[in-house]
Amino acid sequence: MGHIIRRQRLWILLASSVLLAGCASNLQWYVVSPATESGRANLLFLAGGLKYTLLLSCTAIVISVVVGLLVALPGLSKNPLWRGVNRVYVEVVRAVPILVLILWVYYGLPIVMGLAVSVFWAGVIALALSDSAFEAEIFRAGIQSIDRGQLEASDSLGLGYFDRMRYVVLPQAIRRVLPPLGNQLVYMLKMSSLVSVIGMEELTRRANELVTSQYRPLEIYTVLIIEYLLLILLVSAGVRWLERRLARRDER
Amino acid sequence: MNIVSQSSSPAPTIIELEKVSRFFGSFQALNEVSLRVSAGEKMVICGPSGSGKSTLIRCVNQLEKHDAGRVTVNGVELGRNAKQLRAIRTDVGMVFQQFNLFPHLSVLENLMLGPMRTRKLTKPVAMELAMRYLHRVRIPEQADKYPSQLSGGQQQRVAIARSLCMEPKVMLFDEPTSALDPEMISEVLDVMVELADTGMTMMVVTHEMGFARQVADTMVFMDGGKIVETSSPEQFFTRPQSERGQLFLKQILQH
Ligand SMILES: Nc1ncnc2c1ncn2[C@@H]1O[C@H](COP(=O)(O)OP(=O)(O)O)[C@@H](O)[C@H]1O
Ligand SMILES: [Mg+2]
């Protein structure tokens, strides 16, 4: 039994080293090598997209959290009409692919509204809209998870709907939904690459442009992957730090 | 002069329930319950589990909406008017079995929230009020702790202080010691006895018969959604009128 597993491992090792060697012979890392002048220039060009990836994602997530919360609240109403509004919004928005929404907002909205939308704002609107449906569901679940006793205590103190939300429910709900919110931020960072199709100069667009002039897709896209990886690892660490900080002082 | 004439006249009614019913689906949790509590009166409500004690007491501040009958607090009949309801709730404090403190707020913040948001007091005034009532429940040193850092008895005392910070006319207690470890029960009951001595009007659902004997002006015994017996504590404990009341007392005094 043991020797079969050992033999299997040997095969995998052999196969992967052959594959790596094969690739290595084709790799031309000089295009993105920090050791050469042109490599450094190319790397800087690629990293230059970071600013827009961040700006796009962060603006979109802020808007989608706000919209998501506003959509979640009617979903918690006793009135079936309000709940219907929430359901329709979530179902419709969730059904549209992000890429389609980006194209629609950029090319379609100017025709409907009669005013041009910049590439940046088209991207932000599409990403935020698309994400808001998911944020709405996250907030609804988070708010519903708050113990009834908390609401009764608020009521018995005479707090109104907004005070109750603002001071009692939301501070507790947000702590609970922080992990899924972090997920959505990571998702947003990745989806922002789709805005490259309408010409946003973010990370993916920069990589595409460099590939067109340098003809080295493997190396350049590998760097692109590493860029996203580093960015997202950093964001995840940030979210976890925030969770710990908020969890430290209370609840069990 | 005025004081003399007031004390000689009967205390005004502060809570009145007339034929109050409450249904959960087809199940009737309250069956035409009527009662009257006058200012300064201490009413202790007891009865077997599921007899409707919580539903009854929760109707007084409308955490539970009654389906039929009339609930009148401080001369105002409670209806569906949200604004009026909030006004009444500032006059009626409530202490829950599960404390229901706000876990994300410090003790002091728990106490200050109602006064600042509902009574619109300024922060320094609310803080002074909060500290005064923390002294009253004898845990001023815990002001900056969070609820999870306190014992059950301390948490319930904070909850009592939180209600008192609204300076209510009536205090409702729904089994305030039932979730506590035995050694913490007396510290909470002591605070409640002291509160009773200040003349507060109280409605207390409890099975602590020692407390009832010491504090109650009126004993109410409930069963099956109805008030079976209303009497003085001496009468209830020595010769309960109803058979179910006798049975209940026997069971509860056994241990
Ligand atoms: N929200 C509710 N939904 C359905 N039934 C309820 C609800 N609240 C209470 N009841 C029922 O009403 C009855 C009285 O409950 P309650 O007032 O809590 O009794 P007690 O406090 O005397 O134990 C119980 O049978 C309980 O199951
Ligand atoms: Mg109960």
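The values are calculated or read from the model by the stated rules, or taken from the named source; none is laboratory data. Computed from a predicted model, the values in this text were never measured in an experiment. Please note: Cβ atoms are built from the backbone with ideal geometry, for glycine as well, and neighbour counts cover all protein chains shown. For the accessible areas, the whole protein counts, side chains as well, though only heavy atoms, and no ligand, DNA or RNA atoms are used. Shrake-Rupley method; radii C 1.70, N 1.55, O 1.52, S 1.80 Å.
For chain A, with all protein chains present and a 1.4 Å probe, just round the carbon and sulfur fraction of the accessible area to a whole percent. The value for chain A is 69 percent carbon and sulfur by accessible area.
Under the rule a/c < 1.5 gives rounded, and otherwise a/b versus b/c splits prolate from oblate, where does the stretch A:49-202 land using the Cα gyration tensor? Note, shape of the stretch A:49-202 comes out prolate. Note on A:Lys78: lysines with a C-alpha under 17 Å away, same-chain residues under 8 apart excluded, are B:Lys65. Interface burial in the stretch A:131-163 reaches 30 Å² or more for A:Gln150, A:Glu152, A:Ala153, A:Asp155, A:Ser156, A:Leu157, A:Gly158, A:Leu159, A:Asp163, comparing the full protein assembly with the chain by itself; accessible area from heavy atoms with a 1.4 Å probe. When the accessible areas of B alone and A alone are added and the area of the pair subtracted, with a 1.4 Å probe, the result is around 2100 Å², both sides summed. Overall, the protein assembly as shown carries a charge dipole of about 980 debye about its Cα centre when +1 sits on the Cβ of Lys and Arg and -1 on the Cβ of Asp and Glu, all other atoms neutral.
Mean residue ellipticity at 222 nm, helices only, the protein assembly as shown: -18500 deg cm²/dmol; runs of at least 4 DSSP H residues each add -39,500 (n - 2.57), and the sum is divided by the number of residues.
Near A:Leu210, once Lys and Arg are set to +1 and Asp and Glu to -1 for all other residues with Cβ below 14 Å from its Cβ, the sum equals -1. Computed over chain A with a Gaussian network model linking Cα atoms closer than 10 Å, the most mobile of A:Leu230, A:Leu54, A:Leu101 is A:Leu230.
The long axis of helix B:182-197 is offset from the longest Cα principal axis of chain B by roughly 90 degrees.
Structure remark: mean-square fluctuation, Gaussian network model of chain A, C-alpha springs under 10 Å; the largest value among A:Val211, A:Val66, A:Val92 belongs to A:Val92. For the stretch B:146-178, heavy-atom accessible area (probe 1.4 Å) falls by no less than 40 Å² from the chain alone to the full protein assembly at B:Tyr146, B:Ser148.
Using a 10 angstrom cutoff on alpha carbons, build the Gaussian network for chain A and name the most mobile of A:Ile174, A:Ile98, A:Ile63. Among A:Ile174, A:Ile98, A:Ile63, the largest mean-square fluctuation in the Gaussian network model of chain A belongs to A:Ile174. Each DSSP beta bridge with both residues in chain B is either parallel or antiparallel, and the antiparallel ones are about 55%.
Once neighbouring chains are kept in place and the probe is 1.4 Å, which whole percent of the accessible area of chain B is contributed by carbon and sulfur?
Values: 5690 of 11480 Å².
Here it works out to 50 percent.
Each of A:Ala173, A:Val67, B:Ser34 was placed along the dipole of the protein assembly as shown (beta-carbon charges, centred on the mean Cα), and the one lying farthest toward the positive end is A:Val67. Of all DSSP-defined beta bridges confined to the protein assembly as shown, some 55% are antiparallel rather than parallel.
The residues of the stretch A:68-148 expose on average 53 square angstrom of accessible surface per residue, using a 1.4 Å probe on protein heavy atoms. Here B:Lys123 is the anchor, and the lysines within straight C-alpha reach of less than 28 Å, apart from those fewer than 8 places off in the same chain, are B:Lys83, B:Lys145, B:Lys169.
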